[in-house]
Amino acid sequence: MSVKQISVFLENRPGCLHEMTKALADANIDLRGLSLAETSDFGIVRLIVDDVLGTANTLKDSGFVASMSEVLAVEVPNVPGGLNKVLEILAGTGINVEYMYAILGNKTSETAYMIFKVNDNDKAAFALNIAGVKILDSGELSAL
């Protein structure tokens with residue numbers, strides 16, 4: 001039940017992020033989630049998009065270096081402690097969260113959505129499912 005995330009390596013200079021998003025906008029790619037981490041020389045943009053293959057091709061054709069990885073899209077109750085309950089499940093099964101970030105959802109929803117990069121997707125998905133936590137697939141993400 002994992003989804004594809006695209007990581008793009010960007011030079012840390014003015015306008016580089018704009019160039020990347022312009023290429024995606026020109027290709028009519030819809031960004032559903034985005035995370036940016038930077039160092040002094042480069043940044044890593046992590047993307048959840050509506051068209052993974054189209055995005056990968058657009059980035060390559062535009063001269064950007066990108067890679068794909070599997071991540072979990074997890075429904076998190078939008079209440080105090082909602083995220084903590086999900087993290088408690090993962091910690092209780094020995095799953096390490098390498099990073100996570102929020103993604104867009106329905107403005108009126110009582111649910112938030114998070115992307116999790118973990119050390120074992122299958123084990124994490126099993127533990128979350130057993131605990132009743134919903135994991136979204138690519139189609140469900142697109143419908144948000």
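None of the figures in this text is laboratory data; all of them are computed from the coordinates on show. Keep in mind it's a predicted model, so treat the numbers as computed, not measured. Here the Cβ is made from the backbone with ideal geometry for all residues, glycine too, and neighbour counts use every protein chain on show.
Quick notes on this one:
- The relative contact order of the range 71-143, computed from alpha carbon pairs under 8 Å that lie at least 6 residues apart in sequence, is 43 percent.
- Working from label points 7 Å from Cα in the Cα-to-Cβ sense, the residue 126 to residue 16 distance is 4.0 nm.
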